[in-house]
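Take a look at the structure below.
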Amino acid sequence: MSGFPSFDYRNASLYGESIRLDRIAGEFGTPCYVYSRAALVAAYREFDAAFAGRDHLVCYAVKANSNLAILNLFARLGSGFDIVSGGELRRVMKAGGDPQKVVFSGVGKRPDEMRAALDAGILCFNVESEAELAVVDRVAGEMNKIAPVSLRVNPDVDAKTHPYISTGLKENKFGIPFDQAEKLYVSSRQFANVRVTGLDCHIGSQLTELGPFVEAGEKILGLLDRLETQGLQIDHLDLGGGLGIRYSGESPPRARDYVAALCKGIGRGSQRILIEPGRALVGNAGILLTRVEYLKHTPHRDFAIVDAAMNDLMRPALYDAYHEILPVTANKGNVKTYQIVGPVCETGDFLGHDRKLALSQGDLLAIMSAGAYGMSMSSNYNTRPRAAEVMVDGDQVHLIRERESVDQLVAGEKFLP
Ligand code: LLP
């Protein structure tokens, strides 16, 4: 048993749904991201069903994995989208997403990105500062439009996650400080070209307990009361993303318990509730398939040098993140404690430390839980073309992004005259 329902062993071979992963490596090469359609659909449905008839919108956080096939799949299920750039807006539109279900987050939206979003007719801008509110107002005025906005409030809550992905503390760059929010809501009435429609908050990512969500939710509901007393009409509450997944030992809450905790205290028939899950929708629906190029035994360490690297999956190098690493063919050979490293010229280029595996040159490995913030954070460092991406769907497999070529990488570069 792998512990990952859509990627499991049958007769000592690791499968993605009904497809052997060694077959995928043969057909599409390595490194290669492999996603499971069934896992994506199940994760989306679990969130959606958890609202049990309450007015809501699941806005998938595109940054977690922005492949068009994945966006299109969620759009077909009725999902909305949380975007953070004009580029992500273009992707959502190309994938057939409904602009009326798009919220635009991020601390540094540019006027041209705001224009594109107003043109498309998005649901809401999640505004993060007074200066940004003034720019949205100006841009909307120039276009003769009224921009729907929420203010993203920073509730000063400790998300108890990695400091790089904690966003709801007062020292973080995100959101409007909690004690300034009411004043800004009231003064937003002076802006003729914005209409305040919502209240937004997002406290961090990979949260494995409900406590911080509940604490933030209580603060937000307190603020909502005060805003309503001031006569402001708030149509929706956007409670952000951040629900964690199991990478190894974690036991994060189920989507249904998370949604129930968020909704507690919010009367039915009052505000529409939005959430922006990213990782919890795609993280365990994807793996990174890689091949062992060389084994290198030194007096101090045993290294497995694989063909995936920090440019393909940056999370271990950047956050010291742990991803389970499983052999694609369970091997009964000599188990050693391996450092699983890539070919990039940095000591920080590792995918896993101290993994007990029986390996031979040429073996395939699956780096698990790589569906979120894997491909979307990849780079071309060391002039490494990006990996291919494929989707398994029962006994079918579809290429959803071709492996990049070096020619594509250098296509925009020019010599001096
Ligand atoms: N909404 C906003 C405003 C966000 O900033 C984020 C993530 C999300 C939603 C989705 O959060 P999720 O449900 O995926 O936790 N690269 C890091 C994670 C960065 C998260 C950034 N913001 C990682 O690999 O762990």
Would it be correct to say that Gly244 is within 22 Å of the chain's Cα centre (by Cα), in contact (Cβ under 8 Å) with a residue 12 or more places away in the chain and farther than 30 Å from Asn72 by Cα? no
Which of the following residues is over 30 Å from Val328 (Cβ atoms) and part of a strand (DSSP E or B): Leu288, Leu274? Leu274
Looking at the structure I just gave you, is Glu209 in a loop (DSSP other than H, G, I, E, B), over 22 Å from Val259 (Cα atoms) and either assigned by TED's automatic domain parsing to the domain that holds Gly249 or open to solvent by 20 Å² or more (accessible area, probe 1.4 Å) (or both)? no
State yes or no: is Val135 modelled with pLDDT under 95, farther than 26 Å from Phe47 by Cα and either surrounded by fewer than 20 Cβ atoms within 10 Å (Cβ to Cβ) or within 15 Å of the ligand (Cβ to nearest atom) (or both)? no
Kindly establish whether Pro299 is within 16 Å of the ligand (Cβ to nearest atom) and of a type outside the set (Asp, Glu). no
Just to verify a result, which residue in segment 347-389, among those that are of a type in the set (D, E, K, R) and touching a strand residue (DSSP E or B) at 6+ places or on another chain (Cβ under 9 Å), is most open to solvent (accessible area, probe 1.4 Å)? Lys356
Filtering segment 245-291 down to residues that are among the polar types (S, T, N, Q) and over 30 Å from Ser360 (Cα atoms), which residue is least open to solvent (accessible area, probe 1.4 Å)? Gln271
Only helices (runs of 4 or more DSSP H) wholly contained in segment 20-115 count here; list those with 1 or more residues that are among the aromatic types (Phe, Trp, Tyr) and out of contact with any His (no Cβ under 9 Å at 6 or more places or on another chain). 21-28, 37-50, 68-76
In the set Lys296, Lys219, which member is open to solvent by 50 Å² or more (accessible area, probe 1.4 Å) and under 28 Å from the mean Cα position of the chain (by Cα)? Lys219
Lys101 being touching a residue at least 40 places away in the same chain (Cβ under 8 Å), open to solvent by 10 Å² or more (accessible area, probe 1.4 Å) and within 19 Å of Gln206 (Cα to Cα): no
If you check Gly53 against the conditions, is it at pLDDT below 95 and not assigned by TED's automatic domain parsing to the domain that holds Arg268? yes
Cβ pairs under 8 Å, 6+ apart, first in segment 384-412 and of a type outside the set (Phe, Trp, Tyr), second loosely packed, with under 12 Cβ neighbours inside 10 Å: Pro385/Ser405; Pro385/Val406; Val406/Thr383; Leu409/Thr383
Do we find that Gln339 is outside the structural domain of Ile176 (by TED's automatic domain parsing), touching a strand residue (DSSP E or B) at 6+ places or on another chain (Cβ under 6 Å) and in contact (Cβ under 8 Å) with a residue 12 or more places away in the chain in this structure? yes
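Results for (1) within 16 Å of the ligand (Cβ to nearest atom); (2) open to solvent by 50 Å² or more (accessible area, probe 1.4 Å), shown as yes or no for each residue.
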| residue | (1), (2) |
| --- | --- |
| Asn172 | yes, no |
| Gly175 | yes, no |
| Asp179 | no, yes |
| Val186 | no, no |
| Gln190 | no, yes |
| Val196 | no, no |
| Gly204 | yes, no |
Which pairs turn up if I take residues in segment 179-202 that are within 11 Å of Glu130 (Cβ to Cβ) and look for partners that are surrounded by fewer than 23 Cβ atoms within 10 Å (Cβ to Cβ) and small (Gly, Ala, Ser) with beta carbon separation below 9 Å, at least 6 apart in sequence or on another chain? Leu184/Ser129; Phe191/Ala134; Phe191/Gly141
Could you run through segment 1-15 and say how many residues are in contact (Cβ under 8 Å) with a residue 24 or more places away in the chain, assigned to a strand (DSSP E or B) and buried (at least 20 other Cβ atoms within 10 Å of the Cβ)? 2
Which of (1) within 16 Å of the ligand (Cβ to nearest atom); (2) out of contact with any strand residue (DSSP E or B) (no Cβ under 8 Å at 6 or more places or on another chain); (3) open to solvent by 50 Å² or more (accessible area, probe 1.4 Å); (4) not charged (D, E, K, R) is the odd one out, the single condition Tyr319 does not satisfy? (3)
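The values are calculated or read from the model by the stated rules, or taken from the named source; none is laboratory data. Model, not experiment: these values are computed from the prediction. Reconstructed Cβ throughout: ideal geometry from the backbone, glycine too, with neighbour counts over all protein chains shown. Only protein heavy atoms, including side chains, enter the accessible area calculation; ligands, DNA and RNA are left aside. Shrake-Rupley method; radii C 1.70, N 1.55, O 1.52, S 1.80 Å.
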